[in-house]
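Report on the following structure.
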Amino acid sequence: MPVTSKKFFLKDYALPISIGIHDSEKEAPQLVIINIEMYFEDMSLETSDEIADTVNYDFLRTDIEALAKTRHFNLQETLCHEIIKICKNVKGFKRIVVSTSKPDVYNDCDTVGYEVMYDY
């Protein structure tokens, strides 16, 4: 059976981020949940068991955390697009999907968010 998809993912990465358009949202950082899926170009099952041949999870987490500390984001859309730019620096992928959500915005739903899919 051929491989049709391989992906790296970072799921439910929770960070306090200064985000939002309302005055109350600008007073303190809000919890933002970040999800990333990065689809590999290579569909083979051949793999290496060497750390140098894989995605550096720490790199993505630390770069996203550093981004979150650089400024206030008015929109989740802007934050997602900036995360895409970070992910694009990692070679070997054909598609990146990034979503953010704010779980504490409304009492009557789990979360509100934005998702963007970028194909090379």
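The values are calculated or read from the model by the stated rules, or taken from the named source; none is laboratory data. Remember, it's a predicted structure, so these values are computed and weren't measured experimentally. No Cβ is skipped: glycine too gets one built from the backbone with ideal geometry, and neighbour counts run over all protein chains shown. All accessible areas refer to the heavy atoms of the entire protein, side chains included, with ligands and DNA or RNA removed. Shrake-Rupley method; radii C 1.70, N 1.55, O 1.52, S 1.80 Å.
Quick check: is even one residue across the stretch 61-79 under 18 Å from Y118 (Cβ atoms), at pLDDT below 95 and in contact with a strand residue (DSSP E or B) (Cβ under 9 Å, 6 or more places away or on another chain)? For the stretch 61-79, residues under 18 Å from Y118 (Cβ atoms), at pLDDT below 95 and in contact with a strand residue (DSSP E or B) (Cβ under 9 Å, 6 or more places away or on another chain): absent.
Which one is nearest to V32 (Cα to Cα), of the residues in the stretch 105-117 that are open to solvent by 80 Å² or more (accessible area, probe 1.4 Å) and in a strand (DSSP E or B)? Steps first, answer last, please.
Start the filter on the stretch 105-117 by keeping residues that are open to solvent by 80 Å² or more (accessible area, probe 1.4 Å), which leaves 106-108, 110, 115, 117.
When the remaining residues are screened for being in a strand (DSSP E or B), the result is 115, 117.
Numbers: E115: 13, M117: 18 Å.
Taking the candidates together, the pick is E115.
Summed over the stretch 55-112, the residues that are without any contact (Cβ under 8 Å) to a residue 40 or more places away in the chain and within 11 Å of the chain's Cα centre (by Cα) give a count of 7.
Consider the stretch 50-95 and keep the residues that are within 19 Å of I17 (Cβ to Cβ) and assigned to a loop (DSSP other than H, G, I, E, B). The one that is least open to solvent (accessible area, probe 1.4 Å) is H72. Among the criteria (1) within 30 Å of P2 (Cα to Cα); (2) charged (D, E, K, R); (3) open to solvent by 80 Å² or more (accessible area, probe 1.4 Å); (4) modelled with pLDDT of 95 or more, the one E37 does not fulfil is (3).
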